[in-house]
1. So what's the angle, to the nearest 10 degrees on a 0 to 90 scale, between helix 281-296 and the longest Cα principal axis of the chain?
2. Under a point spin-label approximation (7 Å from Cα along Cα-to-Cβ), what is the Ala140-Ala202 distance to one decimal in nm?
3. Add -39500 (n - 2.57) for each DSSP H run of 4 or more in the chain, then divide by its residues: what number comes out at 222 nm, to the nearest 500 deg cm²/dmol?
4. Provide Ile208, Ile10 in ascending order of the number of other Cβ atoms located within 10 Å of each residue's Cβ, fewest first.
5. With 10 angstrom as the radius, rank Arg49, Arg276 by how many other C-beta atoms surround their C-beta, starting from the fewest.
6. What ³J(HN,Hα) values, in whole Hz, does the Karplus curve 6.51 cos²θ - 1.76 cosθ + 1.60 give for region 264-269 when θ = phi - 60°, with x put for Gly and Pro?
7. Taking N as the number of residues in the chain, what is its alpha-carbon radius of gyration divided by 2.2 N^0.38 Å?
8. Once you have the Cα-Cα distance between Lys235 and Thr47, take 0.36 nm times their residue separation minus that, and quote the gain in nm to one decimal.
Amino acid sequence: ATMPPLLSAIANAGRHGVLVKSAVVMERLGQIDAVALDKTGTLTEGTPRVTDIRPLTGSGLTENALLTLAAAAEHPSEHPLARAVVDAARGRDLSLPPAEAFTSVPGVGVTATIGGRKVSVGAPARLTGAEDDGSSPALAVVQGLEDEGRTAVAVLRDGTPVGVLGIADRLRPDAATTVAALGELTGTTPMLVTGDNSRAAARLAEEIGITGVHAGLLPQDKVTTVRQQEQAGRKVLVVGDGINDAPALAAAHTGIAMGRAGSDLALETADAVVVRDELAAIPTVVALSRNARRLVV
Ligand code: ADP
Ligand code: MG
């Protein structure tokens, strides 16, 4: 027997390294007419590295002491930024004290008790409100790093900023061509939806031909962005990798997760998974879906 077109398309998508979870999903992929792409781990490789370690004056911390505190608090987290911080500490042979009472807030950061003191690591503006009052000593350091395209992460001890880490990630080699191909298929340039700061987001967007930048978003804000598009009559494809992307992946017409570094929750929530980590496979499967639908109808 000949395979029904949608099933052949699923097999074909598999050959391109994309796991499409059902025939319904295979069909929906061809209907999308807008795309929202996450930044960290989706357009970038998701293996960020610590590039700058800046203890604040008055903290009394050395670079290594700051990195030790941050890495101890990040150790239980599966966030790519957390892995960067822990790897940097390992690279300097620092031994990490145990973390107690660990908690994490998607899109914000982590908090843990290290040696009896409360340590928080995460988005500077969310942890300290620095962007609002402008008086934080960390602010100049944060903005300097962000202007260089880095993600700046603040470290707080007992509620007081003690240092800032600069973290940088490489753009995926096929990011720009994928953005262009999806733009051609849908007739609209994909949007960037990210929890990261607007300076770093704008810099990356410009590099890959994206004009619509939505930065500083909490997981629920990504959902709102998707819903606004859908209210305007669009069927949105969301591509993401993190726990923070799961609500948007669920709200989207179709959600695709990046598989290699993707969080379990994103992989479970998404309708399809890019197993081999090639972004360029996404426009390919959209086109496969459209061809299959032509055969079905
Ligand atoms: P993106 O949407 O680009 O994938 P996220 O929503 O995962 O980014 O994170 C947004 C921001 O929240 C990060 O840029 C960082 O400032 C902060 N953040 C979230 N989790 C962590 C963490 N574990 N360690 C440090 N910072 C974090
Ligand atoms: Mg991400």
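All of the numbers you see were taken from the coordinates with simple rules; none came from a lab. Small disclaimer: the values here were computed from a predicted structure and weren't measured. Cβ sites come from the backbone with ideal geometry, for glycine too, and all protein chains shown count toward neighbours.
1. That helix lies at roughly 20 degrees to the long axis.
2. Each label point is offset 7 Å from its Cα along the Cβ direction, giving 2.2 nm.
3. Rounded to the nearest 500, the figure is -12000 deg cm²/dmol.
4. By the 10 Å Cβ count, ascending, the order reads Ile208, Ile10.
5. So the residues, fewest neighbours to most, are Arg276, Arg49.
6. 4, 5, 5, 5, 6, 6
7. 1.07
8. Gain in length upon complete extension: 64.6 nm.
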